[in-house]
Amino acid sequence: MAPKLPDSVEELRAAGNLSFRNGQFAEAATLYSRALRMLQAQGSSDPEKESVLYSNRAACHLKDGNCIDCIKDCTSALALVPFGMKPLLRRASAYEALEKYTLAYMDYLTVLQIDDSVTSALEGSSRMTRALMDSFGPEWRQKLPSIPLVPVSAQKRWECSPSGYCKETAKSKSKETTATKSRVPSAGDVERARVLKEEGNELVKKGNHKQAIEKYNESLWFSNLESATYSNRALCHLVLKQYKEAVKDCTEALRLDGKNVKAFYRRAQAYKALKDYKASFADINNLLQIEPRNGPAQKLRQEVNRSLN
């Protein structure tokens, strides 16, 4: 008796996944294409499911060296569900293979806004930095278009999204975070990190907080041992009203330097914005134990105290 042919979108996708795992990339692409046609013929709007099918087919194209079709499918996936991690990474790899380093760099940096511990994006952005420096010289950053800012809602979505992404992301993030934190920077890495941090500081002075975050992201890839880089990035998050991200950065800054006054102050501001007044008040008190005459902190304590009462 002949095996039952897949006759639903879910079955076609599952069969495609199996073919992909077995290294049968052309067959997998055909199955994903059939699933896409079936889904589109049904006329029901399911952008998540359609986006995953495009992204999966893109992975097949990438494995077969068909970078042009990989880019097309990733772009279709991202049009349906913006800021998808997998299509961004696959498109970045395809751009890199085609030596379109600027476009690859932008996709890698976009991924790092979603999750700044993704090893493949960190390594990719580092490779693109070197390639762009070789191509355009020291002023290469000025030739870049603006990198899209990932909204906090998109970051939250990828922390716990449907179709198994949540479990997969959490597992990979744990491994990647461990790898990043265990990496010991060389003297050259520390110097690159310092230069990038200073470039970020200059952008902050000009009010370019989104671009400054990109600089700090790069700096932290080369060396994640500088408390001030985290507290500086926290300032940018505060300005952009990304309060939870500001809290995370300040917490990391304080882990590295328990007397980082700016980290205490900025975390207190973020907690206040999040209406966690007890945590805000605790941070201000810790700050004032270090600098009892800190005027802005005294003023902030009065404001928070009124909210507590």
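Size estimate for segment 77-138 follows the Kirkwood approach: the inverse of mean 1/r over distinct Cα pairs works out to 11.5 Å. Do any trypsin sites (Lys or Arg not before Pro) in segment 186-275 lie in a loop, going by DSSP, with at most 12 other beta-carbon atoms within 10 Å of their beta carbon, and if so which? Those that pass, being in a loop and sparsely packed, are 206, 241, 275.
Based on Cα contacts under 8 Å between residues 6+ apart, segment 9-150 shows a relative contact order of 15 percent. Using a cutoff of 8 angstrom between alpha carbon atoms and counting only pairs six or more residues apart, the relative contact order for the chain works out to 8 percent.
Calculated over segment 223-296, the projected area of the Cα convex hull averaged across directions stands at 4.4 nm². The angle between the Cα long axis of helix 25-42 and the longest principal axis of the Cα atoms of the chain comes to about 90 degrees, rounded to the nearest 10.
Based on the convex hull around the alpha carbon atoms, the chain presents an average projected area of 19.8 nm².
Its relative contact order, with pairs defined as Cα atoms under 8 Å and 6+ residues apart, puts segment 249-309 at 29 percent. Helix 101-114 and the longest principal axis of the C-alpha atoms of the chain enclose an angle of approximately 60°. Helix 209-222 and the longest principal axis of the C-alpha atoms of the chain enclose an angle of approximately 80°.
FYI, it's all coordinate maths here, none of it is from the lab. The model shown is predicted, which means the values in this text are computed figures rather than measured ones. When we count neighbours, we look across all protein chains shown, and the Cβ atoms used for this are built from the backbone with ideal geometry, even at glycine.
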